[in-house]
Amino acid sequence: MKSICGLVVLFFVMLPHAAAYDPLDPTGNITIKWDVVSWTADGYVASVTMSNFQMYRSIVSPGWTLGWQWAKKEVIWSMVGAQTTEQGDCSKFKGNVPHCCLRKPVVVDLLPGVPYNQQFSNCCKAGVVSAWGQDPLSSVSAFQVSVGVAGTSNKTVKLPMNFTLLGPGLGYTCGPAKVVPSTVYLTADHRRKTQALMTWNVTCTYSQFLAAKNPKCCVSFSSFYNQSITPCPKCACGCQNKNNCVVSDSKQAHKKGINTPRKDNAPLLQCTHHMCPIRVHWHVKLNYKDYWRVKIAVTNFNYRMNYTQWTLVAQHPNLNAVTQVFSFDYKPLVPYEAINDTGMFYGMKFYNDLLMEAGPQGNVQSEVLLRKNKDTFTFKHGWAFPRKVYFNGDECLLPPPDAYPFLPNSAKVKSITISTMVVSALLFLFIIS
């Protein structure tokens, strides 16, 4: 009995960590690096860099929120490129007043356009961070912090602990800070190396299991060889918002301020049978001799949310032979060298990299031309439809396999026709003999 209880406890302890593993991006994470660049009279100045090493999961508006707990009674004297959401009680300080005196500070990025003297490299993007696979140059966010009432050497500094990251919602779990070899910098002329006085890293991983109990997107299918459309499953994303959804083309849908986001990021969805913020539609459009063509459409049903720098990931065995993508950018994802069946679609910069709120403009679409592999290609048994679909890093709910558009079965017709011809020929021979 004790061993069974032990296994149950171990299962629940390991569950969140197991859920954080993404088989399509096994090494994806967000690494937060603290580089101590100088010591001060009562602490240190650190450059904090947040690097998104996830291939297809970005941090969208309203951006990231980073928190931690000080190990002692540290305070933040000043910040460049970011700010804390609260100052806290700094009444014991006379003269210079710290930027933040909270034991658990919460930090957010600054908005674009702040004065130059408040900016830091890779800051001031309202917390929006691209995925590494989409735009490596925009996958970094950084700020500088001056810490006081702290250690003033490598031996006396106590690392912050209990890091939290919202990106912008729940889902990220951060490990403890770990001291690593000091970061090495190159000077502008690339002729001299300098290094940080001390460096520690914090690694945060994402789990859809922790982010939400229901999916955030669903997938529907259709094809040229079948008139039926396979819709998203009913209540695919839960029907908890069914009572306060907005009917399409109603007066409420055109009400002023309907697209204004709320502080808690609560969605306002269009009334649908699936009640998902995002629907991805995969349509098998055309069949050529050596190629076949797919149309992909992404529709936003959330009136309060637009998606900047969105990403769409699909897993299909024929994505190893993509010939042309017409209106999206495309990048193959090969986490395992022997398998090339996954690809990432994303919007072209300044063209369709912004998916607007629900309404007439709330969709993006493209077509994909794929070369046939004659050894594996078929339209039977739903082979032409994707195995997995992710939108902005969250896996979408697919319809059940038995609901996929089926290929009209002509095999029986052919077999009946041949047998009929054989019988007719035998009868004819019998008659003339």
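The number of Lys pairs in region 29-210 with C-alpha atoms less than 16 Å apart, excluding pairs fewer than 8 positions apart on the same chain, is 11. On a 0 to 90° scale, report how tilted helix 2-19 is relative to the longest principal axis of the chain, with both axes built from alpha carbons and the result rounded to the nearest 10. Here the helix axis deviates by roughly 90 degrees. Using only the Cα atoms of region 29-210, build the gyration tensor, take square roots of its eigenvalues as a ≥ b ≥ c, and label the shape rounded, prolate or oblate: rounded if a/c is under 1.5, else prolate if a/b is larger than b/c, else oblate. Rounded is the answer for region 29-210, as its axis ratio a/c remains below 1.5.
Return a whole-number percent for the relative contact order of region 173-238, with Cα pairs under 8 Å and 6 or more residues apart as the contact set.
Details: 77 pairs, mean separation 17.6, N = 66.
Rounded, it is 27 percent for region 173-238.
Using Cα-Cα distances under 8 Å and only pairs 6 or more residues apart, what relative contact order does region 29-210 have, in percent?
Answer for region 29-210 is 31 percent.
Relative contact order of the chain: what whole-number percent is it, with Cα pairs under 8 angstrom and at least 6 residues apart? Relative contact order comes out at 14 percent. Scalar couplings 3J(HN,Hα) for region 132-142, obtained by applying the Karplus form with A = 6.51, B = -1.76, C = 1.60 to θ = phi - 60°, are 4, x, 8, 7, x, 5, 9, 8, 10, 9, 8 Hz; x denotes Gly and Pro. Within a straight-line Cα-Cα reach of under 18 Å, K331 can be paired with the following lysines, leaving aside sequence neighbours fewer than 8 residues apart in one chain: K295, K349, K388. Distant-in-sequence amide contacts of F53, defined by a placed amide H-H separation under 5 Å and a gap of 5 or more residues or a different chain, comprise N29, I30, T31. Overall, the accessible surface of the chain at a probe of 1.4 angstrom is composed of carbon and sulfur to the extent of 59 percent.
Show me the ranking of peptides 122-131, 184-193, 246-255, 208-217 by mean Cβ neighbours inside 10 Å, starting with the highest. Don't jump to the answer; show the numbers that get you there.
Details: 122-131: 21.5, 184-193: 8.6, 246-255: 12.0, 208-217: 16.8.
Highest to lowest by the protection proxy: 122-131, 208-217, 246-255, 184-193.
Tell me which label goes with the value of volume of the Cα convex hull per residue in Å³ computed from the coordinates here: [x] 264; [y] 165; [z] 218. Entry [x].
The values are calculated or read from the model by the stated rules, or taken from the named source; none is laboratory data. This structure is a prediction, so every number in the text was calculated from the model and none was measured. When we count neighbours, we look across all protein chains shown, and the Cβ atoms used for this are built from the backbone with ideal geometry, even at glycine. Calculation scope for accessible area: heavy atoms of the full protein, side chains included, ligands and nucleic acids excluded. Shrake-Rupley method; radii C 1.70, N 1.55, O 1.52, S 1.80 Å.
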